[in-house]
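Okay, so here's the structure we're looking at.
Rule-based calculations on the coordinates, nothing more; no lab input. Because the structure is predicted, anything quoted here is derived from the model rather than measured. All Cβ positions, glycine included, derive from the backbone under ideal geometry; neighbour counts span all protein chains shown.
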Amino acid sequence: MAAPFLALARVFTALDQHLLFDGASGALVQLSESAFAAWQDYLASPAAAAVSPPGLAQLHASGMFREPVYPSPAGSPPAAQGLHSLCLNVAHSCDLACDYCFAGKGAYGSPAPAVMQPATACAAIDYLIANSPPGRSLSVDFFGGEPLLAWPAVTAAVAHGKAKAEQAGKTIRFTITTNAVSMDDARAAFCAAEMSTIIVSLDGRPSTHDRHRQDKAGRATFERALQGARRLAAAVAAAQSPAAAPTSDLDESGMRDSLLRHPDLPLGAGPLWVRGTYTADNLDFAADVRYLRQLGFAQISMEPVALPPNQAQALRPDDIPRIRASYAEVAGMVAAEEMRFFHFELNTDAPSCAPKRFTGCAAGAGYAAVDPAGRVFACHQFDGVAEFGLGEVSRGDGSPAAYQRHEELAAAHVGAKPACRSCWAQLYCGGGCHYAAWSANGDIHEPYKLGCDLLKARLEIALALQAARRAPTQPGQP
């Protein structure tokens, strides 16, 4: 047996626990205080250590501390080539003007608002099916801008996709991301019936939300977005259980748990998630998560803003201790089974499949985005960036140059990124976001460092939450 590979081992303290994590295997172990100190000293300088830390031999024999085997040759991730997921960026237009929007307030740099036509949406579905690998399951996300502004394209794509997928012996999982400001009952019912995931953008407390998420006229949007979310919640409850309380039977807040969680369903079961964005203005975002939970939402995500460092709302390295504290506070809510939090949905006993662990979101490889004109890009954030164009849905497989870009993106896995090969969190991020790396450094192979540090802070809390839910081995207990 090879010697223990400890380059991806990490010891840390979180949620009042001392923990040892092996990034290669995903194994997580609780440590006593004395064992924690011994492991800290050993990992700081293994060559200088007089003795091995407690439990090393046993843990290595159990499968921990084995060096990862990266995809080889470098250009091929360990999966059949082909698309499995497509983002239909149906609207280069939005009814909001959020000041932190990566897409230029929804326009993606377009000189005029643009929405996808139904025929283009259907052609994109055909493109996905034609370029998908063997297997049954595919996914399509409706995105923008604001996808409700291109509603005919959404409904056409769903109907066409269901029919074409059945003919091809496949299934398509549809999702939608919306600000919900213009959500009505009919659209809510459609989403509840057809979407496996519905993501509503709400940043938390009204003051947090309205600071950044205003409409084109500069008006607050929290109440309108919340009303749209309430319509969706009622539609979801009705779809899950026809006997659920109707909209007219809501309490004074317009929301209650029964709208989101039927008594016979697990916590937060159902498609509806609320996703917020935190900035330098609300590093205490745990208060925003709590506010959303108090409104009745049981499935919540909170994402870090991605802005250039010269922007006032941008996150900075000095903010990480406060951000970590907020994640720890959110973990307390999750531990009390009050809610589900997207980034804490880890399963260390069954890690992600190899392709996802090595390539993350698979932008440009298994995942791509289509703009309103039918042009294909590596992902929704690369929409409009010619360097990351992959052709057009009307041209099928695209040009030789597009195919070369596809190969380059597929090859940009964690093993091809020097900064990632020694990172303990590498197989939980797949090498990070290509767009963030390119935006920050001009190179998809050089990860966005602040994004890495944020992910590691969050991952430590998520792992500690997992440890608190079970009773792992504790080497070195006195």
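Tabulated results
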item	result
Counting all C-alpha pairs of the chain, share separated by more than 42 Å (%)	18 percent
Packing-based order for 439-449, 171-181, using average beta carbon neighbours within 10 Å, highest first	171-181, 439-449
Residue exposure sequence - THR197, THR120 - by fewest surrounding Cβ within 10 Å	THR197, THR120
Net charge of Cβ neighbours under 10 Å - reference CYS94; Lys, Arg +1; Asp, Glu -1	-1
Percent of C-alpha pairs per 10 Å bin, the stretch 114-247, short to long	12, 37, 32, 16, 3
Local net charge near THR277, Cβ-Cβ under 15 Å (Lys/Arg +1, Asp/Glu -1)	-2
Length-normalised contact order of the stretch 85-344 in % [C-alpha pairs under 8 Å, at least 6 apart]	16 percent
Zone residues, the stretch 193-211, relative to ALA287, backbone N less than 19 Å from point 7 Å out along Cα-to-Cβ	202-211
The chain, relative contact order [Cα under 8 Å, separation at least 6], %	19 percent
Table column - 3J(HN,Hα) (Hz), the stretch 289-298, Karplus curve with 6.51, -1.76, 1.60, x for Gly and Pro	4, 5, 4, 4, 5, 5, 6, x, 6, 10
Cα Rg, Dmax (largest Cα-Cα span) when computed across the stretch 17-132, Å	25.4, 70
Two-site FRET efficiency, GLN17 against GLU166, from Cβ-Cβ distance with R₀ of 45 Å, rounded to 0.05	0.40
Phi to ³J(HN,Hα) by Karplus 6.51 cos²θ - 1.76 cosθ + 1.60 over the stretch 194-199, Hz, x for Gly, Pro	10, 9, 7, 9, 10, 10
Net lengthening on full extension, ALA159/ALA3 (0.36 nm per residue, minus Cα-Cα)	50.6 nm
Cα centroid of the stretch 368-438 to Cα centroid of the stretch 116-130, whole Å	20 Å
In nm, spacing of pseudo-spin labels at ARG173 and ARG316 (7 Å Cα→C-beta vector)	4.0 nm
Least to most buried among TYR291, TYR70 (fewest other Cβ within 10 Å first)	TYR70, TYR291
Additional length obtainable on full extension of the chain from GLU345 to PHE102, 0.36 nm per residue less Cα span	84.9 nm
Rg(Cα)/(2.2 N^0.38 Å) for the stretch 85-344, N = residue count	1.03
Table column - 3J(HN,Hα) (Hz), the stretch 31-45, Karplus curve with 6.51, -1.76, 1.60, x for Gly and Pro	10, 6, 4, 6, 5, 4, 4, 5, 5, 4, 5, 5, 5, 5, 7
Between helix 400-411 and the chain: long-axis angle, C-alpha atoms, 0 to 90°, nearest 10	40 degrees
Surrounding net charge for HIS343, when Lys and Arg each add one and Asp and Glu each subtract one, Cβ distance under 10 Å	-1
